[in-house]
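Below is one structure, written out as C-alpha cells; comments come after it.
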Amino acid sequence: MSNTASGARRPYAIWLVLLAAAGTFALTMGTRQTMGLFMSPLNTATGLGIGSISLAFAFGQLWWGLTQPFAGAMADKMGAGRVLFVGALLVALGTFITPLMTTTAGLIFAIGVLSAGGAGMAGPAVLMAATTRMIPPDKRGLATGIVNAGGSFGQFVMAPIAGALMVGLGWANAMQVLGLVVLLCLPAAFVLKGNSLQSAPVGQKVTGTREAIGTALGNRSYLLLAAGFFVCGFHVAFLATHLPGVIASCGLPVQYAAWSLAMLGLFNIVGSIAMGWALGRWRMKSMLSLLYTARGLAVLAFLLAPKTGPVVLIFAAVMGVTFLSTVPPTAGLVAKFFGTANMATLFGIVMLTHQAGGFLGAWIGGKVFEATGSYDWVWYIDIVLAAGAALIHLPIREARIVRAGGASAA
C-alpha cells in the first residue's frame with residue numbers, strides 16, 4: 001500500500017483528508033446551489049425571460065454531469081489534486097463573469113460551461129474517489145457521508161450569505177464575491193493529490209479505464225443504479241433552481257426563498273451523516289429505495305398543505321434530509337461493485353446520468369411555469385419519478401462484480 005494511503009490511516013490524516021474534501025465540496029456546491037437566488041435579478045437585468053435563463057442553468061446541470069466521467073478518468077491517471085485545482089479556478093472565473101453576460105449564449109458559457117464544468121472537475125466523482133482511496137475501508141461509509149455533508153453545509157452557509165450580499169452590495173457584486181470565495185478551496189488540491197495506482201495492492205495491475213467501463217455498462221445492477229440516480233438529479237436540480245420561484249409564486253417574501261435553500265443544505269448535513277452511519281448496518285439499495293419513497297410522500301404532502309412560511313421551511317427541511325444523501329450509498333455501491341481503482345471514472349458516469357436528470361428538472365421547471373403559470377405539473381412528475389426510483393433499486397444485487405474470466409472487476 002502506498003505511503004499516502006497508509007498515512008491516511010492515522011487519525012489526524014483522516015480528518016485532514018475529510019476537511020479538504022468536504023471543504024472543497026462546501027465551496028463549489030454551496031456557490032452553485034445559491035444560483036437560484038440570482039435568476040430573477042438576471043431576468044430583470046437581461047430581459048431574456050425565465051425560460052432562456054432556465055436553459056443556461058439546465059445546461060449547467062448537464063455539463064456538470066458530462067464533465068465528471070472525464071474528470072474522473074483524468075484523476076485516476078494524473079492525480080486528483082491537479083484536477084481539483086483547475087476545477088476550482090474555473091468555478092471562480094465562471095461565477096465572477098456571469099453578471100457581465102447579457103445574452104443566453106453568454107450565460108450558458110459562464111454558468112453552464114465554466115462554472116458548472118469546474119464544479120464537475122471539483123465534484124463528487126473526484127472527491128468521493130479520492131476520499132475512498134485515502135480512507136481505511138472500515139471508515140469509508142461515514143467518511144463519504146461527511147464529505148457529502150460538506151456540500152450541504154456549504155449550501156446552508158452560502159445561501160444566507162448570498163442573500164445578505166445581494167441586499168448590501170447588489171446582485172452582481174454579490175455573485176462576484178461568491179466567485180472569489182471559491183478560491184479558498186485551492187489548498188485542498190495539495191492534500192488530495194494522488195491517483196488510482198495508490199489504491200491497488202503492490203504488484204497488482206490496475207484494470208484499464210476502457211475495460212472497467214465495458215464491465216460496468218454490461219452489468220444490470222450498475223445500470224439500475226444509474227437509472228435511479230437520474231431521478232435524483234431531476235429532483236435536486238428542480239429544487240435548487242426553482243424552489244425560490246415556487247416560494248415566490250406562493251406570495252411569500254424573498255427571505256423564505258433564501259432560508260429554504262439554507263434548510264435544504266442544513267438538513268442534508270443530517271441526512272448525509274446519518275446515511276454514512278447507516279451504510280455499515282443496512283443494505284445500500286434498501287436505503288436508496290427508502291429515500292426516494294420519502295421524497296415522493298413529502299412532495300405529495302406539500303401539494304396538499306397550505307403554502308405558509310412555516311410549511312415551506314418544513315418541506316425544505318424534509319427534502320433536505322433526502323436531498324443529496326443518495327450520494328454515499330450510490331458511491332458505496334460503485335465501490336462495492338468494482339473496487340476503488342477506477343471509481344472516479346465509474347462514479348463519474350453515474351453522476352452523468354444524475355445530471356441528465358438535472359438538465360430536465362431545471363429546464364422543464366421553467367418551461368412548465370411559463371406555459372401554465374404554476375409548478376404543479378412538475379410536482380406530479382416528481383412523485384411519479386420518485387415511486388419509479390424506489391422500485392428500480394430493489395432488483396440490484398449488492399455483490400462484487402466478477403468478469404467472465406473469473407477475475408474481480410477491481
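Here, each number is a calculation from the coordinates, and none is a lab measurement. Worth saying up front: this structure is predicted, and the values here are computed from it rather than measured. Using ideal geometry, Cβ is built from the backbone for each residue, glycine included, and neighbour counts are taken over all protein chains shown.
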*Can you pick out the pairs among Lys77/Lys193; Lys139/Lys336; Lys77/Lys285 whose Cα atoms lie more than 20 Å from each other?*
Lys77/Lys285
*In sequence order, calculated HN-Hα J values of the stretch 213-221 (Karplus, 6.51, -1.76, 1.60; Hz; x Gly/Pro)*: 5, x, 4, 5, 5, x, 9, 5, 5
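Fully extended, how many nm does the chain gain between Leu223 and Trp15 (0.36 nm per residue separation, minus their Cα-Cα distance)? Can you show the working numbers first?
On the way: separation 208, 0.36 × 208 = 74.88 nm, distance 3.32 nm.
Between Leu223 and Trp15, full extension yields 71.6 nm more.
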*Name the residue farthest towards the positive end of the dipole of the stretch 3-392 from the options Ala164, Gly214, Ala21, assuming +1 on Cβ of Lys and Arg, -1 on Cβ of Asp and Glu, about the Cα centre.*
Gly214
_At a threshold of 8 angstrom on Cα-Cα distance, excluding pairs fewer than six apart, so keeping six or more, what relative contact order does the stretch 17-158 reach in percent?_
44 percent
*Pairs of Cα atoms under 8 Å, at least six residues apart: use those to get the relative contact order of the chain, whole percent.*
27 percent
*Burial ordering of Phe359, Phe57, fewest other beta-carbon atoms within 10 Å first*: Phe359, Phe57
*Using a basic spin-label model with each label point 7 Å from the Cα along Cα→Cβ, how many nm lie between Thr102 and Ala45?*
1.2 nm
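Over the stretch 262-410, calculate the relative contact order: mean separation of alpha carbon pairs under 8 Å at least 6 apart, over the residue count, as a percent. Kindly include the intermediate steps, with their values, before the conclusion.
Values: 143 pairs, mean separation 56.8, N = 149.
Dividing the mean separation by the residue count of the stretch 262-410 yields 38 percent.
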*Across 10 Å bins from the origin, how do the percents of Cα pairs in the stretch 8-79 run, short distances first?*
16, 30, 29, 16, 7, 1
*So how far, in whole Å, is the C-alpha centre of the stretch 255-285 from the one of the stretch 130-174?*
12 Å
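Tell me, Asp76, Asp138 in order of fewest to most beta-carbon neighbours within 10 Å? Mind showing how you got there, number by number?
Working: Asp76 29, Asp138 9.
So the ranking, lowest neighbour count to highest, is Asp138, Asp76.
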*So which trypsin sites (Lys or Arg not before Pro) in the stretch 248-334 are both in a DSSP loop and have at most 11 other Cβ atoms within 10 Å of their Cβ?*
Arg281
*Please order Leu288, Leu169 by the number of other Cβ within 10 Å, starting at the fewest.*
Leu169, Leu288
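About the Cα centre, and with charges only on the beta carbon of Lys, Arg (+1) and Asp, Glu (-1), how big is the dipole of the chain? Nearest 20 debye, please. Kindly include the intermediate steps, with their values, before the conclusion.
Values: 22 positive and 7 negative charges, 255 e Å.
Taking the Cα centre of the chain as origin, the dipole is about 1220 debye.
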*Virtual spin-label span in nm between Val177 and Arg283, 7 Å along Cα→Cβ*: 5.0 nm
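Looking at the stretch 280-321, which chymotrypsin sites (Phe, Trp or Tyr not before Pro) are in a loop (DSSP not H, G, I, E or B) and have at most 13 other Cβ atoms within 10 Å? Intermediate results must be reported in sequence, preceding the final value.
Values: sites: Trp282, Tyr292, Phe302, Phe315; in loops: Trp282.
Listed in order of number, the matching sites are Trp282.
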*What's the Cα-based Rg to Rh of the stretch 3-392, Rh via Kirkwood?*
0.95
*Would you calculate the separation in nanometres between label points at Glu398 and Val254, each defined as 7 Å from the Cα along the Cα-to-beta-carbon direction?*
4.6 nm
*Could you pull out every residue, at least 5 positions away or on a different chain, whose amide H is within less than 5 Å of the one on Lys193? Hs are placed 1.01 Å off N in the peptide plane, and Pro or chain starts have none.*
Gly81
